[in-house]
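The values are calculated or read from the model by the stated rules, or taken from the named source; none is laboratory data. As the structure is a computational prediction, the values presented were derived from the model and not from experiment. Positions of Cβ are generated from backbone atoms using ideal geometry, with glycine treated the same way; all protein chains shown enter the neighbour counts.
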Amino acid sequence: MSVMIEVYYHKPSDPRRETVISECLAGHRGIVTYREDDSNETICLTAEFHTRQDAQAASTALRAIGEHVEGPSDYGEN
């Protein structure tokens, strides 16, 4: 089973911000697997990890720089 987190931010789209988020995720062995831009107000980046420990560390690091993170939570089958 994978573990996921979701990172939300208000529009407009911000490629530099998403790069910082992606680099933080990669530092904790995570990767953005889905980007949702359907809402009128927010963008959601879904990231997956192999371990809950990595997901929790990434969540903590992102929150420390002011990002809104939901999760971690179990996702799918391994």
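Residue check, residue 57 against (1) closer than 14 Å to residue 70 by Cα; (2) under 11 Å from the mean Cα position of the chain (by Cα), all met but one. Which one?
Tallying (1) closer than 14 Å to residue 70 by Cα; (2) under 11 Å from the mean Cα position of the chain (by Cα), residue 57 fails exactly one: (2).
Is it the case, given these coordinates, that residue 74 is surrounded by fewer than 19 Cβ atoms within 10 Å (Cβ to Cβ) and free of Cβ contacts under 8 Å to residues at least 60 places away in the same chain?
No.
Name every residue in segment 19-60 that is over 18 Å from residue 2 (Cα atoms) and in a loop (DSSP other than H, G, I, E, B), in order of residue number.
Result: 37, 38, 39, 40, 41.
Mind counting the residues in segment 1-50 that are closer than 14 Å to residue 67 by Cα and exposed (fewer than 12 other Cβ atoms within 10 Å of the Cβ)?
Qualifying residue count for the region: 5.
Restricting attention to segment 43-58, which residues are in contact (Cβ under 8 Å) with a residue 40 or more places away in the chain and not hydroxyl-bearing (Ser, Thr, Tyr)?
47, 48, 49, 50, 52, 54, 55, 58 - these are the residues of segment 43-58 that are in contact (Cβ under 8 Å) with a residue 40 or more places away in the chain and not hydroxyl-bearing (Ser, Thr, Tyr).
Going residue by residue through segment 4-18, is there one that turns out to be outside any strand (DSSP E or B) and within 13 Å of the chain's Cα centre (by Cα)?
The answer is yes; a qualifying residue exists.
Within segment 44-74, take every residue that is of a type in the set (Ser, Thr, Tyr) and farther than 12 Å from residue 30 by Cβ and give me the one that is modelled with the lowest pLDDT.
For segment 44-74, the residue satisfying everything is 73.
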